[in-house]
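Everything on this sheet refers to the single structure shown next.
The values are calculated or read from the model by the stated rules, or taken from the named source; none is laboratory data. Everything numeric here is computed off the predicted structure, so don't read it as measured data. So basically every Cβ, Gly included, is an ideal-geometry build from the backbone, and we count neighbours across all protein chains shown. Ligands, DNA and RNA are excluded from the accessible area calculation, which covers all protein heavy atoms including side chains. Shrake-Rupley method; radii C 1.70, N 1.55, O 1.52, S 1.80 Å.
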Amino acid sequence: MKLRQTRSRQTREQILAVARELFARQGFDQTSIDQIASAAKVAKSSVFAHFGDKTNLLAALGLTEIEPMAEAGRKGTGIDPDAPLEAQIFALLKPWLDYFCREPAFAGLYLSQAAIVSGPYTETFMRLCFELEDQIADLFVRAMPSLTAEQPRIFARGVQALFHEVIVFEMSEGLKHSRPNPAPPQALLSTMLAVWVSGVRAQQTSKA
């Protein structure tokens, strides 16, 4: 039994290693399960048995990076509780943005959440995406304790929308080239967060 489990784990790792290399070299859309199976020297059925489909295979690759980021977010690692709210949110989102910039295929998975087919790895990925929104909402609660029960979630969704747009802009060569000297995505996100949080504060002040 242990030998079988070891071989299964080795096969899984072999498929992941080959998929990572092929996705990086020729792109996610241009890579087929047949190519992955052939390069990994396994049967096509083995790829399906371990991952279900190509999207779940991509999610499995990405989870090795974002699960530690999600854990860091739960612990507040790298977030200064005394910093302005927009700086705290930026510190939370920056590792995700850095990863998406390095791995455009996984950024595409993040952008297409609504179209993702349920599977063993995509379900975990979706849960972590919702958890990220929870973490943003918690930052709003701590910074603005007078908010109503539903407001932190609404404001967190606004932040997610901004984050989404920064990723879209980074992935779109046409958009980037339409402006001279476009700002790096990290700078763009920081600026947009400052404007968003300022607007939220102004709204709350006007209601006080």
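How large a share of the accessible area of the chain, in percent, is made up of carbon and sulfur atoms when the probe is 1.4 Å and the other protein chains stay in place?
Details: 6280 of 11370 Å².
Of all accessible area on the chain, carbon and sulfur atoms account for 55 percent.
Using the Cα centre as the reference, give the magnitude of the dipole from point charges on the C-beta atoms of the chain (Lys, Arg: +1; Asp, Glu: -1; all else neutral), rounded to the nearest 20 debye.
560 debye
Kindly give Rg over Rh for segment 1-84, based on alpha-carbon atoms, with the Kirkwood expression for the hydrodynamic radius.
Rg divided by Rh gives 1.15.
In whole Hz, with x marking every Gly and Pro, tabulate ³J(HN,Hα) for segment 151-156 from phi via Karplus 6.51 cos²θ - 1.76 cosθ + 1.60, θ = phi - 60°.
5, x, 5, 4, 5, 5
Working only with C-alpha atoms, what are the Rg and Dmax values of the chain, expressed in angstrom?
19.8, 67
How high is the relative contact order of the chain? Use alpha-carbon pairs under 8 Å, at least six apart in sequence, and give a whole percent. Let's see the in-between values first.
Values: 153 pairs, mean separation 40.1, N = 208.
It comes to 19 percent, rounded to a whole number.
Which residue, chosen from S198, F140, S8, occupies the Cα position most advanced towards the positive end of the dipole of the chain, where the dipole is computed from +1 (Lys, Arg) and -1 (Asp, Glu) charges on Cβ about the Cα centre?
Of S198, F140, S8, it is S8.
May I ask you to evaluate 6.51 cos²θ - 1.76 cosθ + 1.60, the Karplus curve with θ = phi - 60°, for each residue of segment 56-73 and list the ³J(HN,Hα) values in order in whole Hz, giving x for glycine and proline?
Working through the residues one at a time gives 5, 5, 4, 4, 4, 5, x, 5, 4, 9, 7, 4, x, 5, 5, 5, 4, x Hz.
Between S32, L97, L189, whose Cα lies farthest towards the positive end of the dipole of the chain when Lys and Arg beta carbons carry +1 and Asp and Glu beta carbons carry -1, centred on the Cα centre?
So the residue we want is S32.
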